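Single-structure report; data block below.
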Amino acid sequence: MSSSSFTQESQKIEANKPEILKNWKTKLFILLLCVVSFYAGWQASRSHLVKECQLAGAQVTVEDGLVICQMPQ
């Protein structure tokens, strides 16, 4: 495959992409949204675990970012 045919193929692939994905700022923004969404889901999960522990009458402690649920003896 010659260099010019490779360039033509890459231009065809680029032309077939949706317009919104051609812009690097848009890609960066989508990546940022994914990271924020993941973090928000993780925090919601931790909050849910804390509430479940409290409802069960357990003692909740957070050490080094870990939620520890200790049931009373």
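The values are calculated or read from the model by the stated rules, or taken from the named source; none is laboratory data. Quick caveat, the model's predicted, so the values are computed rather than measured. Reconstructed Cβ throughout: ideal geometry from the backbone, glycine too, with neighbour counts over all protein chains shown. Just so you know, the surface numbers come from the protein's heavy atoms only, side chains and all, with ligands and any DNA or RNA stripped out. Shrake-Rupley method; radii C 1.70, N 1.55, O 1.52, S 1.80 Å.
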Cβ pairs under 9 Å, 6+ apart or interchain, first in region 25-48 and of a type in the set (A, V, I, L, M), second open to solvent by less than 80 Å² (accessible area, probe 1.4 Å), ordered by first then second residue, are Ile30/Leu21
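Quick check on this structure: which one of Leu28, Leu49, Leu32 is part of a helix (DSSP H, G or I), in contact with a strand residue (DSSP E or B) (Cβ under 9 Å, 6 or more places away or on another chain) and open to solvent by 60 Å² or more (accessible area, probe 1.4 Å)?
Values: Leu28 fails: in contact with a strand residue (DSSP E or B) (Cβ under 9 Å, 6 or more places away or on another chain); Leu32 fails: in contact with a strand residue (DSSP E or B) (Cβ under 9 Å, 6 or more places away or on another chain).
Unique residue meeting the criteria: Leu49.
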Of a type outside the set (Val, Ile, Thr), at pLDDT below 90 and open to solvent by less than 100 Å² (accessible area, probe 1.4 Å): is that true of Gln8 in this structure? no
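Each row is one residue, and each column tells you yes or no for (1) in contact with a Cys (Cβ under 9 Å, 6 or more places away or on another chain); (2) open to solvent by 90 Å² or more (accessible area, probe 1.4 Å).
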position: Tyr39; (1), (2): no, yes
position: Ser45; (1), (2): no, no
position: Cys53; (1), (2): yes, no
position: Met71; (1), (2): yes, yes
